[in-house]
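Asks: Questions regarding the structure given below will be posed in turn.
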Amino acid sequence: RRLCILKGIYPHEPKHKKKVNKGSTAARTFYLLKDIKFLLHEPIVNKFREYKVFVRKLRKAYGKSEWSTVDRLKDNKPTYKLDHIVKERYPTFIDALRDLDDALSMCFLFSTFPRTGKCHVQTIQLCRRLAVEFLNYVIASRSLRKVFLSIKGIYYQAEVLGQPVTWITPYTFAHDHPTDVDYRVMATFTEFYTTLLGFVNFRLYHSLNLLYPPKIDGQADVELKPVEGKEYAMDSESYLEKLSALSASLARVVAPTHEDEVEIDEFPVEGETAEQMDARKKEQEALEKHKKLFEGLRFFLNREVPREPLAFVIRCFGGQVSWDKSLCIGATYDVSDPSITHQIVDRPRVEKQVVGRYYLQPQWVFDSVNAKLCLPVADYFPGVLLPPHLSPFVTEQEGDYVPPEKLKLLALQRGENPGDVRLQDEESEEEEEEEDDNDKDEEEEEEEDESEKEEEMKLKRMEEQKTQSNKALPVKVTAGKLRLEDKQRLEQEQQSEEKRLAIMMMKKREKYLYKKIMFGKKRKVREANKLAAKRKAHDTAVKEEKKKSKKARRA
Amino acid sequence: PCPPLTPLPSAPLQDIRNTVGNIPMEWYQDFPHIGYDLEGKRIYKPIRNKDELDVFLEKMENPDYWRTVQDKMTGADIKLTDEQVDLVHRLQKGQFGDVHFDPYEPAVDFFTHEVMIHPVTNRPADKRSFIPSLIEKEKVSKLVHAIKMGWIKPRKPKDDTPTYYDLWAHEDPNSILGRHKMHVPAPKMKLPGHEESYNPPPEYLLSEEEKLAWEQQEPAERKLNFVPQQYRCLRAVPAYSRFIHERFERCLDLYLCPRQRKMRVNVDPEDLIPKLPKPRDLQPFPTTLALVYCGHTSLVRCLSISPSGQWLVSGSDDCTVRFWEVSTARCMKTLPVGGVVKSVAWNPNPTVCLVAICVEQSVLLVNPCLGDKLLYGATDQLLESYVAPEEERVQPVQWVVATTEEHSKGIRLVVQHSKALKQVTWHGKGDYFASVVSDNSNMQVLIHQTSKRWSQNPFRKSKGLVQCVLFHPIRPYFFVATQRYVRVYNLLKQELTKKLMTNCKWVSSMAIHPGGDNVICGSYDSKLAWFDLDLSTRPYQLLRHHKKALRSVAFHKHYPLFASGSDDGTVIVCHGMVYNDLLQNPLLVPVKVLKGHVLTLDLGVLDVLFHPTQPWVFSSGADGTVRLYT
């Protein structure tokens, strides 16, 4: 089993289950014969055997209390390396990067385990070190793209050498260790993953001309020295602590030349039109802008906010970050520093406010990163009811339900003034309330139109209509429209009937497939409608409450 | 707090030694004595009758109270002397009990630490100190032997190679083996959606019912493996209790789940719909409900139309047969027959005006006396011109001439069978007709000749329950549909020519194309099978248009149309073009779904029939109406 985990051998689903299983259809797992033979050739099998023998001898020596033998055996403890397996499983570096997701998630999980029981302390320390090293790499390369605060943990997505790498870290609380989990399996996975991650880190650091194992930049080191108190006696420990503080930049093998970023020469690919080139260029620019999102901003983290994720995210986008000295080493400036622009606070009220900085809730940082722009700060003041935190991993396709907050965000990204949008929304909502019997076509058109001029025109026209409808009998208008629609409807009916007849003629298999597809589509629509209805109900409830409170206030 | 007092040698003058030894003194609690002295006499407890007040007074008054202790062994109060108090103080401070003991005296070595040149003793050295030790030699030789044999190995040098190095420094494309190409990478974890956020939009939160439903579901079939929750701020978010579980499950998936590449069908559903010629191009066909023939009070089981297309006859469960004028929907005549009418058939010969009606055990041949007087007069003459043969032949049925009363109603002849009848059908020429008896013997199908009033039983053996029979319109073939097969007999040669497999469970009805090469069969399992007799004995196409059992099928005489009526209350009209070119397969296109009949007793349409000349279709339903679609 351990060998299967290390070598990445998985069972296969046979093509003819009955044939393979000698006629019975009972559920069994099947491995390829080739895979089993492949496992037999593995040199690590012998190492495992040696280890088994070693454990047996050791136990015997302990039983006889032959301490010299115990020492000797311990000295000659057989070790094994997984390097060749890593190389074998991932012949190229890109392959390894593609499979990094699980490795990272596992390492981050293990690094939060307590140092007692469950698994070896060395493993936990190694995991912690590798995780911190990877975070430092992401900061140095500024490759973080998306962050998401979920109820399970924090999701991060970075783009490492063009490969999206997603991992999840748990919130920093003590785990209540479940009893129905086999930690040995997890430990075996972690063993492999740490090896993989170590090599990947090495390679990544070298691709950025950074030293590996990472060293904190000399200049920053000096700055850090005074902060380092007496309690950090162990040098090796304090080194990791400092590194994990994530506040200092890393030393480079080659000193970074000023104006490092040489304009990338453009190699026009043949067959690529100018438009595509432009689009690519724009994308590139947007990416650069995104990378420098927090450039020049100075953050201060209050002690109640989770330090590590916030420091990591802020540093990834070029911001400077500090925290209370007593919280963790690596703080670079104090609360009282006047140059602080944003202070991240997660309590309902701030007692002493300093002029010249924004007091914000941590969600602002994450939302800004996902929106690729610094969002307006008004919604994120301490004590304010936060706007919903949306997942950046969802890309809505046509027909999917899009929450209104996302629409707002998209509008913001397009560069529209948020205030206007909100106003318009409210206006349109009011209008909707006023005339519910308005036909739907017009509403749709309304929504589609975005430019303000047209909007105004629409409003005017609507007003005219209103006045007209007030003057004329509404019956007349509807009658005229009905007739118009009739023709269309007739045509539609005919078409739908033709379609129905054609569906009748489909072959059985195709019909099955068609029905399945259509069922899936319908279910999707149903779900979207359900969500929309829920939202509407919620909104109306909120509005009514508001009205009530207003009335109460008036009274 | 007080150290146990040893009996001091100088203290009591009256030397009372207790001999009980080192026992808990509580044992003597309830006795008047406290132990025994050296002579074995009891030592009595001193009389103590001090109450709290006395103790208090003594405490206040006695200046030596603080140095008074009670000897537990004797029970007497002892006043400590000054030396004893001093000793107590010293011991309390952790000092030595002896006042005169000095713990910090300079140490004096027993032996000097300096190495002296002369031995301490003058004893000569042992011999064993000159010769090598045998035990040691043995030990060494053992070790040497072990080294020689390779049992003991030198300690491995610590390898100081770095744990991590550039593993992919030399990526050579040859190392990508077949394994890697075959390798199915594990699918990545699903990325989280909005509902997983710690502060999701309100619509993603579960309502009470949804939460209840979520809890009742099996963990495996839940759509979300968590309940979406909303927290007001990041500070309030707790740890996720199933985090380790989820990681572990992922690990299990990675090494225990069989992996398989699944081809996902990525088709536009519109492409799946076959391209058919537009129904508009296939006109004419009936599209709208034109007339409703009302009058029957129960389900109308059967329909038939005169060859001219002017009259329609319908038989119903209300024991009547009604004759209608097609164009006006007027009921021309009502014929009570005294039994449920199972089948009616108008003689296809245009020169004869005769209708065969199945009522219970007899076939009535009725002259409806409609239309041209000459015509129905000629029919009567034809029937009366029968001359009985000289010798009476044994017949399976009885031919009875109608009584005068019956004659006035139009009934001319009655063919009495022994069992209840199911169906009657005419031969194309109009002289012969066949009847089906619901029976299990070989007498199920009988063929009758009207002009000779002569019946015969064509089959020697029963081949199953016969559902319906049919004459070939041109050739001397006879179709017999049993439950699952359609047998085609050659009447001239008197042999079985074909056996068509319908692939249905229970055939209900059958119709033949006027060309004679194509047959359709409707079945109770809602299938319609189209046979091409030249092609094969299996259906050319099996149409599953109806949702419920098919009751009847019909072909049009001239137009390439066929219709099927079903229990779901619809009549589906299809375009069924048969080409003269043998190589071209027939083209079947459904063109219209006609609705109108109301479902009664779970029955919809019971019979369908085409007008002989116009593209019109009649349908009779369980709701007691006959409808005409044009």
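Asks: Pick from B:575, B:558, B:545: which is in contact with a helix residue (DSSP H, G or I) (Cβ under 8 Å, 6 or more places away or on another chain) and in a loop (DSSP other than H, G, I, E, B)? Before you say what the answer is, go through the steps one by one.
Replies: Working: B:575 fails: in a loop (DSSP other than H, G, I, E, B); B:558 fails: in contact with a helix residue (DSSP H, G or I) (Cβ under 8 Å, 6 or more places away or on another chain).
After ruling out the rest, the residue left standing is B:545.
Asks: For the subset of the stretch B:262-288 comprising residues that are closer than 30 Å to residue A:15 by Cα and either at pLDDT 75 or above or more than 8 Å from chain A (Cβ to nearest Cβ) (or both), which member is farthest from the chain's Cα centre (by Cα)?
Replies: If we take residues in the stretch B:262-288 being closer than 30 Å to residue A:15 by Cα and either at pLDDT 75 or above or more than 8 Å from chain A (Cβ to nearest Cβ) (or both), then B:271 is farthest from the chain's Cα centre (by Cα).
Asks: Then there's this: Taking the condition among the charged types (D, E, K, R), within 27 Å of residue A:411 (Cα to Cα) and buried (at least 16 other Cβ atoms within 10 Å of the Cβ), does residue A:367 pass?
Replies: Details: among the charged types (D, E, K, R): yes; within 27 Å of residue A:411 (Cα to Cα): yes; buried (at least 16 other Cβ atoms within 10 Å of the Cβ): yes.
It is true that residue A:367 is among the charged types (D, E, K, R), within 27 Å of residue A:411 (Cα to Cα) and buried (at least 16 other Cβ atoms within 10 Å of the Cβ).
Asks: Would you call residue A:291 more than 14 Å from every other protein chain (Cβ to nearest Cβ) and loosely packed, with under 15 Cβ neighbours inside 10 Å? Talk me through it step by step, then tell me what you get.
Replies: Values: more than 14 Å from every other protein chain (Cβ to nearest Cβ): yes; loosely packed, with under 15 Cβ neighbours inside 10 Å: no.
Judged against the criteria, residue A:291 is not a match.
Asks: Can I ask one more? Looking only at the stretch B:186-221, which residues are more than 7 Å from chain A (Cβ to nearest Cβ), under 25 Å from residue A:106 (Cα atoms) and loosely packed, with under 15 Cβ neighbours inside 10 Å?
Replies: Selection gives B:187, B:190, B:219, B:220.
Asks: Which one is nearest to the chain's Cα centre (by Cα), of the residues in the stretch B:72-112 that are within 30 Å of residue B:46 (Cβ to Cβ) and of a type in the set (Val, Ile, Thr)? Give the steps one after another, and end with the answer.
Replies: Within the stretch B:72-112, the subset within 30 Å of residue B:46 (Cβ to Cβ) is B:72-89, B:91-92, B:97.
Now narrow it down to the ones that are of a type in the set (Val, Ile, Thr): B:74, B:78, B:81, B:85, B:88.
Working: B:74: 93, B:78: 97, B:81: 100, B:85: 95, B:88: 91 Å.
Checking each candidate, the answer is B:88.
Asks: Determine if the stretch B:594-602 includes at least one residue that is of a type in the set (Val, Ile, Thr), touching a residue at least 12 places away in the same chain (Cβ under 8 Å), closer than 20 Å to residue B:289 by Cα and in contact with a helix residue (DSSP H, G or I) (Cβ under 6 Å, 6 or more places away or on another chain).
Replies: In the first step, residues of the stretch B:594-602 are kept if they are of a type in the set (Val, Ile, Thr); the result is B:598, B:600.
When the remaining residues are screened for being touching a residue at least 12 places away in the same chain (Cβ under 8 Å), the result is B:598, B:600.
Then keep just the ones that are closer than 20 Å to residue B:289 by Cα; that gives B:598, B:600.
Narrowing the set further to residues that are in contact with a helix residue (DSSP H, G or I) (Cβ under 6 Å, 6 or more places away or on another chain) leaves none.
No, the stretch B:594-602 contains no residue that is of a type in the set (Val, Ile, Thr), touching a residue at least 12 places away in the same chain (Cβ under 8 Å), closer than 20 Å to residue B:289 by Cα and in contact with a helix residue (DSSP H, G or I) (Cβ under 6 Å, 6 or more places away or on another chain).
Asks: So which residues in the stretch B:174-185 are within 8 Å of another protein chain (Cβ to nearest Cβ), outside any loop (DSSP other than H, G, I, E, B) and not charged (D, E, K, R)?
Replies: Passing the criteria: B:175, B:180.
Asks: OK, next. Based on this model, can you work out whether residue B:569 counts as at positive phi and either of a type in the set (Gly, Ala, Ser) or not assigned by the TED database to the domain that holds residue B:290 (or both)? Spell out how you get there, then give the answer.
Replies: Numbers: at positive phi: yes; either of a type in the set (Gly, Ala, Ser) or not assigned by the TED database to the domain that holds residue B:290 (or both): yes.
Here the answer is yes, as residue B:569 does meet what is asked.
Asks: For the stretch B:417-441, enumerate the residues that are among the small types (Gly, Ala, Ser), farther than 19 Å from residue B:482 by Cα and surrounded by fewer than 18 Cβ atoms within 10 Å (Cβ to Cβ).
Replies: Taking the stretch B:417-441 and keeping what is among the small types (Gly, Ala, Ser), we get B:418, B:420, B:428, B:430, B:434-435, B:438, B:441.
After this cut, where a residue has to be farther than 19 Å from residue B:482 by Cα as well, the list is B:418, B:428, B:430.
Residues satisfying the conditions are B:418, B:428.
Asks: Which members of the stretch A:142-195 meet the condition of being facing another protein chain (nearest Cβ under 8 Å), assigned to a strand (DSSP E or B) and among the small types (Gly, Ala, Ser)?
Replies: A:150 - this is the single residue of the stretch A:142-195 that is facing another protein chain (nearest Cβ under 8 Å), assigned to a strand (DSSP E or B) and among the small types (Gly, Ala, Ser).
Asks: Also: Considering the stretch A:341-363 alone, what residues qualify as being buried (at least 21 other Cβ atoms within 10 Å of the Cβ) and either under 14 Å from residue A:297 (Cβ atoms) or more than 14 Å from every other protein chain (Cβ to nearest Cβ) (or both)?
Replies: Here is the first cut: in the stretch A:341-363, the ones buried (at least 21 other Cβ atoms within 10 Å of the Cβ) are A:342, A:344-345, A:360-363.
Across the stretch A:341-363, the qualifying residues are A:342, A:344, A:360.
Asks: Quick one: would you say residue B:505 is in a loop (DSSP other than H, G, I, E, B) and either under 41 Å from the mean Cα position of the chain (by Cα) or farther than 21 Å from residue A:508 by Cβ (or both)?
Replies: Details: in a loop (DSSP other than H, G, I, E, B): yes; either under 41 Å from the mean Cα position of the chain (by Cα) or farther than 21 Å from residue A:508 by Cβ (or both): yes.
Against the criterion (in a loop (DSSP other than H, G, I, E, B) and either under 41 Å from the mean Cα position of the chain (by Cα) or farther than 21 Å from residue A:508 by Cβ (or both)), residue B:505 qualifies.
Asks: To continue, here is another question. In the stretch A:522-552, what residues are touching a residue at least 24 places away in the same chain (Cβ under 8 Å) and at the interface with another protein chain (Cβ under 8 Å from one of its Cβ atoms)?
Replies: Of everything in the stretch A:522-552, those that are touching a residue at least 24 places away in the same chain (Cβ under 8 Å) and at the interface with another protein chain (Cβ under 8 Å from one of its Cβ atoms) turn out to be A:531, A:532, A:535.
Asks: Another question, then. When you scan the stretch A:1-68 for helices (runs of 4 or more DSSP H) that lie fully inside it, which ones turn up with 2 or more residues that are farther than 22 Å from residue A:182 by Cα and within 14 Å of chain B (Cβ to nearest Cβ)?
Replies: Values: elements: A:2-7, A:17-20, A:33-40, A:44-63.
The helices (runs of 4 or more DSSP H) meeting that bar are A:17-20, A:33-40, A:44-63.
Asks: Among the candidates A:71, A:102, which residue alone is in a helix (DSSP H, G or I), in the same structural domain as residue A:159 (by the TED database) and at pLDDT 85 or above?
Replies: Within the list A:71, A:102, the selection yields A:102.
Asks: In the stretch B:120-169, what residues are over 30 Å from residue A:74 (Cα atoms), among the β-branched types (Val, Ile, Thr) and within 14 Å of chain A (Cβ to nearest Cβ)? Lay out the reasoning, then the answer.
Replies: Going residue by residue through the stretch B:120-169, those that are over 30 Å from residue A:74 (Cα atoms) are B:120-134, B:166, B:168-169.
The next check asks that each one be among the β-branched types (Val, Ile, Thr); those that pass are B:120-121, B:131.
Passing the criteria: none in range.
The values are calculated or read from the model by the stated rules, or taken from the named source; none is laboratory data. Owing to the predicted nature of the structure, the values given are computational and were not obtained by experimental measurement. All Cβ positions, even for glycine, are placed from backbone atoms using ideal geometry, and neighbour counts span all protein chains on display.
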